[in-house]
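> Okay, handing you the structure first.
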Amino acid sequence: MALRMLVAAGYVLSSPVLAQEPDPDPAEGAGVEGRWAGSVVLLTGELPFAVTFERADGVLSATMDIPAQGALGLPLTAVSYDDGRVHFELDAPIGLAVWDGALEGDTIEGEFAQGVLTTSFSVTRADRVEPEPEEPAPYRSEEVSFENGDVRLAGTLTVPEGTGPFPGVVLITGSGPQDRDEVVAGFPIFRVLSDHLTRQGIAVLRYDDRGVGGSSGSVSTSTSADFAGDALAGLARLSEHPDVDPARVGLVGHSEGGIVAPIAASRSEAVRFAVLLAGSTVPGTEILYEQSAAIQRASGVPEDRIAWNTDFQRRLFAALEAGESLDAYRDELGAEIREGIETLPEEQRAAISDVDSYVETQIEGQIDRVETPWFRFFLTYDPTDGLRGTRVPVLALFGGLDLQVLVDQNRPPLEEALAGNPDATVQVLPRANHLFQAATTGSPAEYATLERDFVDGFLGTISDWILARFGS
């Protein structure tokens, strides 16, 4: 569970996803596909980022990782590559961020612009996309859709070969707009998980979040409670399949999905089990205080700045919950931004043509983000409410190095909430981060540098637990 920040002076949060535009000439993109890493020069110094270009059905698309800010797998818009020119954009609350540059060999260099700020960026090729083996998967794959009220969700259903009916699961993504593969830092978490479970004899439905891919609706104007309805609609669609046993279907939720799954399970007897992967168990305010401090500390931020940030969060969230005006906090945040600008070298200050406009857009982006329905719900909802109402078997896994959902903060409330559940298993994978990769520090800044695979034992633990209870 993380706040997904976008490019700025360290304050900006994520925005809804826009559809990719077809590239005008597919042949022109042959030299840009792959992962590129480098930095953009901001007022606070150079900010490392990586962008990954992919092509499917003649359409060029891209995602961006900004690990130092915990922003991973951000979908880009207006992606194009034409006659050596590379262009991509990020729709952010403080204003559209635009990269426009030229490809020379293994380097892309050019101009970055956001609002009144214009500066430079440079990235070099970090890897090359190799063709995937043509070996067909030993299971069936179907494109499906289903509805939750006026929201249409699109996804992929994979069904084991052989004679059913099989047990089945619906996968629920973490926070922020995610596609059905839940790609974070280039790691297609749900595609890998789905492949393993289906090979083990478990049918899997994974789907695009609201407003992503083939799905309608919006993540930011919805809440975790709304997403529980989406998951139950997906479970109904899964249960209708002739090769799926509706008496052996459940939910697997990652991060925020670990909050959504218990809400859904407490609402409907159709949910026969739940697997919670790095799910938080305390209100969002408490998650953010600990998460922010842990990630900042791992990034070397001074303790006095960490203390200021935590104090500011506490006062801002308290005012938001009480329904108070946030005007006073706009002023304080603006003062902090202005103070930071004054400490910059002269050449960096000169990059801001209009300081007042720059500060105002920074403030508006931050305040607008915390006032969304999703954020308001996340701040105040106590996940143990759903956990206490979950009477079906539960498997909960935590990463011992997770800095986003810290195990010491979240395991005790979960065990207390499930104390009356006769079949609840809680396990910590000591070397795992929030994505359940084998990690060194657990910091989000490390995600993109790690192998895009799960820590040993993760996949087997899930499939073995499900099959031990709901196998043939």
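The values are calculated or read from the model by the stated rules, or taken from the named source; none is laboratory data. Only a predicted model underlies this, so the values are computations on that prediction, with no experimental measurement involved. Glycine also receives a Cβ, built like all others from the backbone with ideal geometry; neighbour counts cover every protein chain displayed. Keep in mind that these areas ignore ligands, DNA and RNA; they rest on the heavy atoms of the full protein, side chains included. Shrake-Rupley method; radii C 1.70, N 1.55, O 1.52, S 1.80 Å.
> For region 390-461, which GluC sites (Glu not before Pro) are both in a DSSP coil and crowded by at most 11 other Cβ atoms within 10 Å?
Hits after loop and neighbour filter: E451.
> If ligands, DNA and RNA are left out, what is the accessible area of T124 with a 1.4 Å probe, given in Å² to the nearest 10?
Surface open to solvent at T124 totals about 70 Å².
> Tell me which GluC sites (Glu not before Pro) from region 265-327 have a DSSP coil assignment and no more than 13 other beta carbons within 10 Å of their own.
Passing sites in region 265-327 are E269, E324.
> Now a separate question. Could you give me D for region 193-309, from Stokes-Einstein at 25 °C and 0.890 mPa s, where the hydrodynamic radius is the Kirkwood radius over C-alpha pairs? Units µm² s⁻¹, please.
150 µm²/s
> Separate question: Over the Cα atoms of the chain, compute the convex hull volume and normalise it per residue, giving Å³.
Numbers: hull volume 66.4 nm³, N = 472.
Per residue, the Cα convex hull of the chain comes to 141 Å³.
> Just the number please: accessible area per residue for the chain, 1.4 Å probe, all protein chains included, in Å².
40 Å²
> In deg cm²/dmol and to the nearest 500, what is the mean residue ellipticity at 222 nm of the chain if only DSSP H runs of at least 4 residues count, each as -39500 (n - 2.57), divided by the residue total?
My calculation for the chain gives -9500 deg cm²/dmol from helical runs alone.
> Under a 5 Å amide H to amide H cut-off, with H placed in plane at 1.01 Å, what residues pair with S122 once short-range neighbours are removed?
Amide H neighbours of S122: S39.
> With +1 assigned to the C-beta of every Lys and Arg and -1 to the C-beta of every Asp and Glu, and no other charges, what is the dipole magnitude of region 198-309 about the Cα centre in debye, to the nearest 20?
220 debye
> To the nearest 10 degrees, how steep is helix 355-370 against the longest Cα principal axis of the chain, on a 0 to 90 scale?
For helix 355-370, the angle is close to 10 degrees.
> Continuing with this model, one more query. Ratio of region 139-243's C-alpha Rg to 2.2 N^0.38 Å, to two decimals?
Taking the Cα Rg and dividing by 2.2 N^0.38 Å, one obtains 1.02.
> Name the residue farthest towards the positive end of the dipole of the chain from the options W308, V426, L320, assuming +1 on Cβ of Lys and Arg, -1 on Cβ of Asp and Glu, about the Cα centre.
Towards the positive end, the residue furthest out is V426.
> Could I ask something else about it? Return, for the Cα atoms of region 398-472, the radius of gyration and Dmax in Å, separated by a comma.
14.0, 42
> Still on this structure, please answer the following. Please compute the contact order of region 132-197 in relative form: average sequence separation of alpha-carbon pairs under 8 Å and at least six residues apart, divided by the residue count, as a percent.
That works out to 20 percent.
> Computing the accessible area with a 1.4 Å probe over protein heavy atoms, can you report the carbon and sulfur percentage for region 301-453? Before the final figure, lay out each step's value.
Working: 3460 of 7090 Å².
Accessible surface attributable to carbon and sulfur in region 301-453 totals 49 percent.
> Quick check: the angle from helix 303-322's long axis to the longest principal axis of the chain, C-alpha only, nearest 10 degrees?
It works out to around 70 degrees.
> Let me ask another. Sorted by accessible area with a 1.4 angstrom probe, largest first, how do H241, H87 fall?
H87, H241
> Report the convex hull volume per residue for region 277-325, counting only C-alpha atoms, in Å³.
78 Å³
> How large are Rg and Dmax for region 137-192 when only the alpha carbon atoms are used, in Å?
In Å, with Rg to one decimal and Dmax whole: 13.2, 37.
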